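Single-structure report; data block below.
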Amino acid sequence: MARSTFKPPSTRDQIAATVERALQGTLALVILWVIYRYCWIDAADPFKCGALLNKGEWLDPGPRWNSRNPFQNWQPPGCIMHEYKKQDIQGCFYDRRLVFIGDSTTRQIFWAVAKKMDQEKAEEEIADMLDHNGKHEDLEFESSGVFVQFIWDPWLNSTGLNRELQKFSVISALEPTGATGESAALLLLGAPGLWYARHGQENFMKDFRDSVEHVIPYMDHTSGDLDNPPPSRSFNARQASPNMLLMAPIQVPRYEALSPSREETITPEKIDQMNDFLQQVSAHSEADIVWSYNLMTWNGRAQYEESGLHVIENVAHRKADVLLNLRCNAGPVSSKYPFSHTCCSNYTQPNGIQWVLILTGLLVLPLFLSVQRGHVARLRRFLPSGHILTALTIFCLVVCFCFYADRTQIFEKSHKQFRRREFLIACSAVGIAGLMSIRKSNSPISRDSGESTDQPFLSRDQTEEWKGWMQFIILIYHYTHGSKTLWIYEIVRILIASYLFITGFGHTMFFMKTGDYSLKRVATVLARLNLLSFVLPYMMRTDYLFYYFGSLVTFWFLVIYFTLKIGRGRNVNLWFLFGKIIVSAVLVTCFTMIPGVLEFVSSILSKTCAISWNVKEWRFRTSLDLYIVYIGMIIAALAVRRTQLKTEVVKPITLIDKAVQLSVTYQGSFKAISVALSLGLFPGFWALTRRSPDKEDYNWWQPYVSFIPIVCFVTLRNCHRFLRNYRSVVFAWVGRYSLETYILQYHIWLAGDTKGLLRLGLGNRWFEAAILTPIFFWVSWRTADATQILAAWILGSTKPSRRFSEGEKDSPYLLPKTQEGATSNEFELGAQEQRQGGGVKKFMGKAQESLKWRLSIILLLMWLANVSYQ
């Protein structure tokens with residue numbers, strides 16, 4: 001009887017399987033919860049219009065004298081509110097009017113809109129109004145084809161009000177009614193409570209009620225025709241109409257700050273009574289009253305000016321933004337990325353390619369996978385092998401997850417808010433986790449003695465660990481909105497430069513050690529770097545450069561490749577190699593910085609391939625780290641040469657070789673000097689960068705000084721064998737999948753194309769982050785494995801480095817796990833079958849055999865998808 005070869009899973013595998021099952025279960029619960037919340041809890045307000053209208057809180061409350069400049073970040077529940085600027089307002093209201101009617105509190109919102117359009121002009125007109133004592137007069141403001149009017153009417157009974165109400169109309173479901181062309185695109189009425197409380201008589205409440213009831217029929221969208229009112233319509237439907245009528249509630253004053261005469265007449269009892277009446281009216285009609293205005297000053301002091309009646313400028317601007325978001329978010333401002341305005345906005349419906357990806361990922365591939373696992377022989381012969389089909393399914397499911405998380409209202413979104421304490425606590429927690437996971441690296445074995453040796457200079461374990469802890473900091477930086485703080489921004493810019501340094505170092509080491517400049521090598525690297533960032537733009541309606549890090553490392557890989565390949569036979573001569581690097585740096589600088597060159601390339605790509613290339617953004621990204629890749633190449637070349645000279649593989653042939661040989665001979669002294677220099681340069685660099693007053697100034701210095709802390713870190717990290725031979729397991733694990741974490745954070749951890757945060761609607765932001773963060777890392781890890789398998793499959797590799805194993809019935813994993821070093825003859829067998837068939841099969845067989853044919857087909861398919869994409 002044959003002995004069984006089954007090996008039970010190890011304890012480590014069991015723990016990994018348990019963790020993965022827990023993460024899968026957590027993801028399933030999260031999806032079920034957000035669907036339940038969207039379909040039932042938020043069913044009455046799926047687009048968050050009611051949330052914007054009635055609720056909200058300050059993410060940055062604080063006293064007026066605080067240097068943080070508070071009251072800039074107003075958070076409606078579950079959505080991101082857009083901060084409108086001049087171009088946005090022009091796009092929404094061009095050749096239209098915005099009319100504000102009411103008292104001085106309404107006038108503040110009028111001026112806030114005017115300042116958004118033209119700050120300098122608005123301030124001049126405010127000064128002119130104060131000089132001429134025109135506080136109780138009508139006002140007009142015009143800028144870039146947008147007309148803003150204010151009608152002074154604190155009693156809400158003027159002829160100007162009646163004139164605007166008569167013009168106000170709404171397009172019905174069948175045909176327009178009334179003078180639509182003359183009506184204001186947006187009409188805000190300020191409730192007249194303050195003046196009735198201040199100057200009204202004993203019957204002030206009756207007069208107030210009469211003034212409000214006069215305008216309610218128009219807010220019910222009857223267009224003044226009280227005998228034939230149209231049927232009730234949802235707020236979202238009314239938003240699509242050519243005009244909108246809203247009312248601001250009575251501004252609750254800060255009573256203790258009122259003057260004695262005002263304090264005597266403007267009492268809490270009067271204000272509360274009138275606001276209660278407005279609540280009753282809005283509950284029994286379709287009148288839209290912006291109750292969030294009063295929440296902005298609820299139980300606050302710093303929100304008010306000294307008068308106790310008016311709010312500070314930041315609060316007035318957020319009131320204006322609420323108004324503009326209610327009116328404009330369904331318009332042109334919401335039709336393109338970044339989709340950072342989700343309040344009272346519906347996302348664009350999927351196009352043809354998006355529907356194909358959704359149906360493929362959610363229906364077709366899971367069905368094929370079930371057929372493959374069901375061992376239906378007749379059907380399995382037409383499907384890819386199990387590990388490829390599994391990888392393809394995971395990849396498409398992740399892309400669909402990105403879509404439903406960041407392109408629908410199913411998940412909630414929220415604003416970011418920087419708090420230094422939160423940033424430091426998160427970094428400290430990550431640092432502790434990294435330190436606790438420090439382990440000894442697997443030592444390489446010497447070919448001569450067969451004994452373990454030290455890790456080489458800047459080994460793979462080191463670079464993976466380096467990328468891992470940098471990725472953690474960058475993720476925290478994005479999540480906590482650390483870009484608002486200059487010193488954190490400077491650190492992160494150094495970390496981005498470090499990634500590019502590793503790119504230059506790693507690829508140069510590979511090419512100089514192996515001499516493999518083949519097309520297959522180039523295609524493999526490009527496929528691995530770009531597969532995810534090629535597919536996501538079609539699903540997310542972004543573009544390739546939006547996921548800029550993938551395109552950036554792709555560009556620099558090609559620069560490295562051509563720099564080393566040209567005259568590669570003489571790369572052993574370091575003078576020649578360094579000369580090529582200098583020439584390459586000059587050419588890339590000219591290509592990037594000379595005006596017109598990138599613009600010409602962009603126009604060619606646009607006309608031939610329908611590629612939209614943001615030249616300004618690309619020039620900015622490349623210029624920030626224009627030379628750090630070359631520093632990595634130089635250090636890699638010196639490291640390779642030093643190893644060769646140390647092992648006496650070659651003899652010194654140049655002055656540089658002799659200098660390197662001296663570093664080997666006097667290794668101890670060389671290390672001591674290098675460490676001393678590094679320790680001295682670190683504080684000098686910090687002192688230099690702290691002199692920069694803003695980001696623009698630091699960005700100018702970045703390309704020329706970023707190598708200082710990077711080279712110092714590399715020196716210190718490799719100065720002792722203990723430091724070289726130990727690494728953090730947690731950081732190294734994240735570093736292996738840093739590309740996927742960087743790209744996927746855009747949509748399944750952050751939201752609004754990184755402008756906001758993805759939320760579950762459970763309440764506390766950090767509690768939700770504790771749920772979503774492990775899911776995010778797990779999905780990134782699975783996506784990285786799937787991407788590697790698919791890249792090998794697309795290029796016809798016969799030995800992918802990782803693949804999903806088949807037929808593991810006894811595996812503890814829910815999804816098939818990966819195995820190292822697995823081989824497959826799938827491509828050779830497929831090619832033989834194709835050669836034996838007809839013309840089409842022979843063509844396919846030839847495509848499978850020839851990498852050039854395969855790449856040509858891939859490029860053709862990408863071109864067709866690009867030119868047909870809408």
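The values are calculated or read from the model by the stated rules, or taken from the named source; none is laboratory data. The shown structure was predicted, so the numbers you read here are calculated from the model rather than taken from an experiment. Heads up, the Cβs are rebuilt from the backbone with ideal geometry, glycines too, and the neighbour counts pull from every protein chain shown.
Miscellaneous remarks
- Where helices (runs of 4 or more DSSP H) fall entirely within region 719-775, those with at least 1 residues that are touching a Leu at 6+ places or on another chain (Cβ under 8 Å) and within 30 Å of Thr348 (Cβ to Cβ) are at 738-748.
- Of the listed requirements (1) within 30 Å of Ala330 (Cβ to Cβ); (2) hydroxyl-bearing (Ser, Thr, Tyr); (3) not assigned by TED's automatic domain parsing to the domain that holds Val290, Tyr84 misses just one: (3).
- Test result for Asn718, more than 29 Å from Leu531 (Cβ to Cβ), in contact (Cβ under 8 Å) with a residue 60 or more places away in the chain and more than 25 Å from the chain's Cα centre (by Cα): yes
- Considering region 378-405, and only residues there that are outside any helix (DSSP H, G or I) and touching a helix residue (DSSP H, G or I) at 6+ places or on another chain (Cβ under 6 Å), the residue that is modelled with the lowest pLDDT turns out to be Leu383.
- Test: residue in region 570-578 that is in the same structural domain as Tyr742 (by TED's automatic domain parsing), in contact (Cβ under 8 Å) with a residue 12 or more places away in the chain, of a type in the set (Lys, Arg) and at negative phi: no
- Per the conditions (1) within 30 Å of Thr408 (Cβ to Cβ); (2) out of contact with any Leu (no Cβ under 8 Å at 6 or more places or on another chain); (3) aliphatic (A, V, I, L, M), the sole criterion not satisfied by Leu529 is (2).
Residues checked against (1) farther than 30 Å from Leu53 by Cα; (2) of a type in the set (A, V, I, L, M):
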| residue | (1), (2) |
| --- | --- |
| Ile353 | yes, yes |
| Val356 | yes, yes |
| Arg373 | yes, no |
| Ala405 | no, yes |
| Phe411 | no, no |
| Val430 | yes, yes |
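- There is at least one residue in region 463-478 that is crowded, with 22+ Cβ neighbours inside 10 Å and aromatic (Phe, Trp, Tyr).
- Qualifying residue in region 253-261 (condition: hydroxyl-bearing (Ser, Thr, Tyr), outside any helix (DSSP H, G or I), at pLDDT below 95 and over 19 Å from Phe93 (Cβ atoms)): yes
- Condition met for Ile560 (surrounded by 15 or more Cβ atoms within 10 Å (Cβ to Cβ), under 35 Å from the mean Cα position of the chain (by Cα) and of a type in the set (A, V, I, L, M)): yes
- Of all residues in region 70-115, exactly one satisfies the criterion of being farther than 30 Å from Leu760 by Cα, within 26 Å of the chain's Cα centre (by Cα) and surrounded by 22 or more Cβ atoms within 10 Å (Cβ to Cβ), namely Ile89.
- In region 176-207, residue modelled with the highest pLDDT [restricted to those that are in a helix (DSSP H, G or I) and exposed (fewer than 13 other Cβ atoms within 10 Å of the Cβ)]: Lys206
- In region 401-428, the qualifying residues are those that are hydroxyl-bearing (Ser, Thr, Tyr) and more than 17 Å from Tyr538 (Cβ to Cβ), and the one that is surrounded by the fewest Cβ atoms within 10 Å (Cβ to Cβ) is Ser428.
- Within region 47-140, helices (runs of 4 or more DSSP H) holding 3 or more residues that are in contact (Cβ under 8 Å) with a residue 40 or more places away in the chain and out of contact with any strand residue (DSSP E or B) (no Cβ under 8 Å at 6 or more places or on another chain): 49-54, 86-93, 104-117
- Residues (under 26 Å from Phe620 (Cβ atoms), of a type in the set (D, E, K, R) and part of a helix (DSSP H, G or I)) located in region 684-718: Lys695, Glu696, Asp697
- Taking every residue in region 509-528 that is in contact (Cβ under 8 Å) with a residue 40 or more places away in the chain and pairing it with any residue that is among the polar types (S, T, N, Q), at least 6 positions away or on another chain, the pairs with Cβ-Cβ distances below 7 Å are Met512/Asn571; Arg528/Thr787; Arg528/Gln788.
- Condition met for Leu424 (of a type outside the set (Ser, Thr, Tyr) and under 23 Å from Leu790 (Cα atoms)): no
- Any hit, region 607-629, residues being farther than 24 Å from Leu495 by Cα, without any contact (Cβ under 8 Å) to a residue 60 or more places away in the chain and either crowded, with 17+ Cβ neighbours inside 10 Å or outside the structural domain of Leu552 (by TED's automatic domain parsing) (or both): no
- Restricting Lys467, Lys520 to those that are modelled with pLDDT of 95 or more, among the basic types (Lys, Arg) and assigned by TED's automatic domain parsing to the domain that holds Tyr698 reduces the list to Lys467.
- Pair list, Cβ under 7 Å, 6 or more apart: region 365-389 residue closer than 23 Å to Arg782 by Cβ, other residue of a type in the set (Phe, Trp, Tyr) and modelled with pLDDT of 75 or more: Leu383/Phe368; Ile388/Trp793; Leu389/Phe368
Every residue, every condition in (1) hydrophobic (A, V, I, L, M, F, W, C); (2) modelled with pLDDT under 90; (3) in contact with a Leu (Cβ under 7 Å, 6 or more places away or on another chain); (4) buried (at least 16 other Cβ atoms within 10 Å of the Cβ), yes or no:
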| residue | (1), (2), (3), (4) |
| --- | --- |
| Gly145 | no, no, no, no |
| Trp152 | yes, no, no, yes |
| Leu156 | yes, no, yes, yes |
| Leu174 | yes, yes, no, no |
